[in-house]
Amino acid sequence: MRKSDKKIEKQLRDGLTNVCDHLLDQALGFEWITHTVNFNRFPNSLRIICIFNSKNAEESFRHSPHCSDLLAVINHQLQQQGLSITLTATQLHFDNEESCQLHHQGNWSARLSSH
């Protein structure tokens, strides 16, 4: 990883930590947030994944007003960290612990590689 990649990774982690704190307060069943990225194709390769404790919690959030605001919250937090990027809806994904357990035996590394 290049020095510039490490800086971007830190900015991503810091911004997404703030988003995580926000979601823990706003979204019932939300558990954690993560990302995948190929720095050779950044920012187009960036994927943000919000993880919920159940499929029902994920679906509930997807149909809530908080979901429509989430992309703006993420973009704002990343810009606050100095990343001048604007994520699109295709870069935001949702998942849940139940589905990971069912399809990947709880192996998030394998599951996230499919996002």
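The values are calculated or read from the model by the stated rules, or taken from the named source; none is laboratory data. Small disclaimer: the values here were computed from a predicted structure and weren't measured. Using ideal geometry, Cβ is built from the backbone for each residue, glycine included, and neighbour counts are taken over all protein chains shown.
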Task: Selection count where residues are surrounded by 12 or more Cβ atoms within 10 Å (Cβ to Cβ), of a type in the set (S, T, N, Q) and over 17 Å from GLU31 (Cβ atoms), scope segment 89-115 - done: 1
TODO: Being in contact (Cβ under 8 Å) with a residue 40 or more places away in the chain and either farther than 19 Å from ASP21 by Cα or touching a strand residue (DSSP E or B) at 6+ places or on another chain (Cβ under 8 Å) (or both) narrows it down to one of GLN101, GLN105, GLN91, so name that one.
DONE: GLN91
TODO: Quick one: ILE74 ticks every box in (1) at pLDDT 95 or above; (2) out of contact with any Gly (no Cβ under 8 Å at 6 or more places or on another chain); (3) farther than 21 Å from HIS103 by Cβ except a single one, so which number is it?
DONE: (2)
Task: Residue that is more than 21 Å from TRP108 (Cα to Cα), of a type outside the set (Lys, Arg), touching a strand residue (DSSP E or B) at 6+ places or on another chain (Cβ under 7 Å) and buried (at least 18 other Cβ atoms within 10 Å of the Cβ), where the choices are ILE8, ILE33, ILE74, ILE48 - done: ILE74
